[in-house]
Amino acid sequence: MKPDPVPGYSIHESNTGDYYYVNKRTGESQWERPPPDHTQSPHPPMPTPVGQTLPSISGSMPTLFNNQIEEERVPNLMVAKGAIALIIVSIFLPYVSLGGLVEVTGLDIIVDTIEFLDAISEVDAEEFEDSGSGSADSGEGVDVPFRYFMLVIGGIMILFSPWFFVLSAIISSVVVFSGQKTPKIMGWIHLGFFITMFLMLAIGETVLDEWAGDLGFSIIDLLGIGIWLGGLSSIGLIYENS
């Protein structure tokens with residue numbers, strides 16, 4: 001039975017039926033099974049056809065790796081899309097609620113604002129030319145706290161909030177559906193608007209307690225579910241999950 005091959009040696013059979021080993025590198029022969037000679041390459045190099053080069057995988061590996069990274073970095077826009085939908089829904093919910101008896105939705109504020117601006121545009125400015133004098137000094141010497149102006153600004157921001165939320169939803173939709181990106185910048189602006197409005201109302205309402213005493217309710221309590229939903233949905237515009 002012919003013995004197993006040994007790396008670096010060839011096996012030959014003598015006339016008597018015995019096997020001996022010949023070193024392929026030195027040509028020396030021996031009867032005992034030698035240790036493997038790893039200095040000889042067991043497989044010759046594959047010849048390269050003339051005019052052709054073997055493809056190199058060193059250049060393709062970084063490309064595949066970079067493509068995989070890019071795929072992993074694609075943001076999940078489902079949260080942003082859900083936030084945009086909630087902002088739109090909030091327009092049809094109460095922005096101002098007086099104990100559940102009187103509720104004003106964001107859509108009502110938009111419609112009333114349009115009607116108010118339309119009424120102002122029809123007023124003749126000449127009617128006020130003669131009524132602007134005679135009482136200019138009536139408020140002289142009245143010290144108005146700065147918190148009063150904060151309360152006024154907060155009230156104005158409530159009136160503009162549905163307009164701002166609609167604009168935010170439109171801009172965010174363009175970024176999400178066209179650019180395939182998370183509208184983080186618009187989300188921070190949206191959240192900043194809501195926080196500023198809240199602080200203006202929370203700090204400014206303290207002036208009412210000084211003027212009229214404890215009213216038994218807070219202006220913050222008058223904010224309806226719609227304005228809370230529309231304002232806090234901006235967090236979904238900022239959140240990014242790749």
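Here, each number is a calculation from the coordinates, and none is a lab measurement. What you are looking at is a predicted structure, and each value in this text was computed from that prediction instead of being measured.
May I ask you to evaluate 6.51 cos²θ - 1.76 cosθ + 1.60, the Karplus curve with θ = phi - 60°, for each residue of the range 101-106 and list the ³J(HN,Hα) values in order in whole Hz, giving x for glycine and proline?
Running phi through 6.51 cos²θ - 1.76 cosθ + 1.60 with θ = phi - 60° gives 7, 10, 10, 10, 7, x Hz.
Need the list of lysines near Lys2 for cross-linking: C-alpha distance under 20 angstrom, and skip anything on the same chain fewer than eight residues off.
Lys24
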